[in-house]
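The values are calculated or read from the model by the stated rules, or taken from the named source; none is laboratory data. Please read all numbers here as calculations on a predicted model, not as lab measurements. Neighbour counts run over all protein chains shown; Cβ positions are idealised from the backbone, glycine included. Remember, those area values only see protein heavy atoms, side chains included, never the ligands or the DNA or RNA. Shrake-Rupley method; radii C 1.70, N 1.55, O 1.52, S 1.80 Å.
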Amino acid sequence: MQRPIKTMLMRGGTSRGPFFLESDLPSDPQERNRILLEVMGSPDKRQIDGLGGANPLTSKVGIVSLGKDPGVDLNFLFAQVMVDQDIVDTSPNCGNMLAAVVPFALETGLLKAQSETTTFRVLTLNTGMQCDITVQTPNKVLTYDGLAKIDGVPGFSAPIKINFLDTAGSVCSGLLPTGHVVDTIDDIEVTCIDNGMPMVLMRARDLSRTGYESVAQLNADTELKKQIEVLRLKAGVLMGLGDVLKKSYPKMCLIAPPKEGGSIATRCFIPHVCHEAVGVLAAVTIGSACILEGSVARGIAKVPQTNPKLISVEHPTGEFTVELEVDPQDTQNVTKAALLRTARMIMRGEVMISNT
Ligand code: NQM
């Protein structure tokens, strides 16, 4: 016997996964996670028995409910379901899946559209971060049609603007959780930073790579992946995250001088597979490192003098621009981050799980 749970399969930015109303899932986190593993078909490297797409970017789940705190319209819990491990990680954020939260809330009738555009404040339960998300609702009807284009997704869609209100120290204790702008691990200089996503930035040339390799080349580079994992486990301890062996963070990022007219070239490992593009909060965090005096990105990144600063993060399938505003009194301090995403409902219906 199987039983149904209502769901909508949504693309959020360059990620995809089923979205649920919190009230349609068990409240006990262990029981909920067991169901999410079954929904996605994990653990299995092909996720053949579930909705997962056999890649971390398509093994994500969104859980949405009405906000409870003053000023908060919606609560969002993001779950990273590991493809081939029996693990559901709800500790980090996902800025890509976040782009689909307001469309999902409108599609399910949880909230109503306001006017030509609709803005809701969303609290990410994973880390307590808040953001304002604006979607296009002409004549108070949600539309996915528009002229916005994000690299990593074919075609054009309605723009979704995300304004992050507080990103520093999302999972870690602060922006620079080791207390240093640069640390040296195994003779490699790294910047450990968390402005929305715990990350370790390394110069590609310090690992004898260019930083312009293809995703396929990097995923096949077992020697590099082994070296990066050793660095990651050590960085995790330095960042106060403890043993990160079974955690999806910190994300590891190779950086190089920009090659396509952007600010910096990147290749991110999330954390064991190379990202086809770059994560949203990863891009905010990388952009913040570009601004930080003394980070491994300084001397590599091209940073505009303006405020706010548009930082174009080059990645394997294009670029991702983030708008970062710095405190004029303290130019090391990023006070606001804004960016553009798109999203789409792909399917709505019921996902079947075993009736146990
Ligand atoms: O950094 C991938 C993604 C992400 C996370 C990952 C993300 C973010 O592209 O905010 O969006 O780093 O696992 O969806």
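Observations, loosely collected:
- If you sort the three axes of the alpha carbon gyration tensor as a ≥ b ≥ c, you get a/c of 1.5 or more for the range 146-193 and a/b no higher than b/c, which makes it oblate.
- Nearest 10 degrees, 0 to 90: helix 29-40 Cα axis against the chain principal axis: 90
- Between helix 222-238 and the chain: long-axis angle, C-alpha atoms, 0 to 90°, nearest 10: 90
- Computed FRET value (nearest 0.05) for K6 with E293, which takes r as the C-beta separation and R₀ as 35 Å: 0.10
- Low-density loop positions, trypsin sites (Lys or Arg not before Pro), the range 251-356 - DSSP coil, at most 12 other Cβ in 10 Å: K259
- When peptides 325-332, 6-13 are sorted by average Cβ neighbour count within 10 Å, with the highest value leading, the order is 6-13, 325-332.
- In this structure the range 183-316 gives 37 Å² per residue of accessible area when probed at 1.4 Å with all protein chains present.
- Within the accessible area of the range 90-165 (1.4 Å probe), percent carbon and sulfur: 52
- For V273 and Q217, the difference between the fully extended length at 0.36 nm per residue and the C-alpha to C-alpha distance is 19.0 nm.
- Accessible area (Å², 1.4 Å probe, nearest 10) - T108: 50
- Top of S288, S173, S312 by mean-square fluctuation, Gaussian network on the chain, Cα under 10 Å: S173
- Relative contact order of the range 183-316: 28 percent, from C-alpha pairs under 8 Å at least 6 residues apart in sequence.
- Think of it as helices only: each DSSP H run of n ≥ 4 in the chain is worth -39500 (n - 2.57), and spread over all residues that comes to -4500 deg cm²/dmol at 222 nm.
- Summary value for the range 209-281: 30 percent relative contact order, contacts being C-alpha pairs under 8 angstrom separated by 6+ residues.
- Percent RCO, i.e. relative contact order, over the chain, from Cα pairs under 8 Å lying at least 6 residues apart: 19
- Helix 280-291 and the longest principal axis of the C-alpha atoms of the chain enclose an angle of approximately 20°.
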